[in-house]
Every structure is written in C-alpha cells, then in structure tokens.
Amino acid sequence: MARPDAARVDASCHFVVFLDSVGLITTAETAVILKVSPVRVRQLIRDGQLRSEKRGRDHLLDRDEVERFNRDGRRPGGRPKKLTATKHLRVR
C-alpha cells in the first residue's frame, strides 16, 4: 500500500502526483488488494472487468472501484465443483 507521504512522478507531465490523495492505485497495489498477480490485474483490465487510466506505461485504477470489484464482481476461486449423480438424473 502506498503511504500518503509517498509521491510518484507522472512520466508524461513530469509533475509529482500524490496518487493516494486522488484515490488512484497502481496495478501492483491492486494485485495486493485482490490477492492476485499484477499480470492477472492487467488481464482483468484488458478483458474490461476493471477500468483503468493509462499514464505512460502504467495503468492506474480507482481504489473505490477495485474494492467494489473485490466485494461484488468476483467468482469464488478454485476448481469448479463436480455435479453429483443425483443432479444429472431427472426425477419423475
């Protein structure tokens, strides 16, 4: 997580931007929140499941949207459950 006193440099404008104060987080910070890899975060962005803003070569995401996605938009992890034989049979 970014500290409030930590500044990041916006490469496109050469301004120091306090991302935490405007609610934007990086893909690495998003990965920590979602408990996935940064590569998976970029896949979610590419698939349209997460919106991001591209700054230079980095994607910046809205912290509130990431927390909403973590709460509401995810399927349970792991392998899908096998159906039991009774669910396959039609009861008459």
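A simple rule links phi to the HN-Hα coupling: the Karplus curve 6.51 cos²θ - 1.76 cosθ + 1.60 with θ = phi - 60°, which for region 28-35 gives 5, 5, 5, 4, 5, 5, 7, 6 Hz, with x for Gly and Pro.
In this structure, Leu83 and Ser37 have a Cβ-Cβ separation that, at R0 = 41 Å, corresponds to a calculated FRET efficiency of about 0.85.
For Arg55, the residues whose amide H sits under 5 Å from its own are Leu60, ignoring neighbours fewer than 5 places away on the same chain, with H placed 1.01 Å from N. Run the numbers for Val22 and Asp72: contour at 0.36 nm per residue of separation, minus the present Cα-Cα distance, in nm. Extending this stretch completely gives an extra 15.7 nm.
A protection proxy built from the mean count of other Cβ atoms within 10 Å ranks the segments 31-39, 62-70, most packed first, as 62-70, 31-39.
Readers should treat all values here as calculations from the given coordinates under stated rules, not as data from a laboratory. None of these values were measured; they are calculated from a predicted model. So basically every Cβ, Gly included, is an ideal-geometry build from the backbone, and we count neighbours across all protein chains shown.
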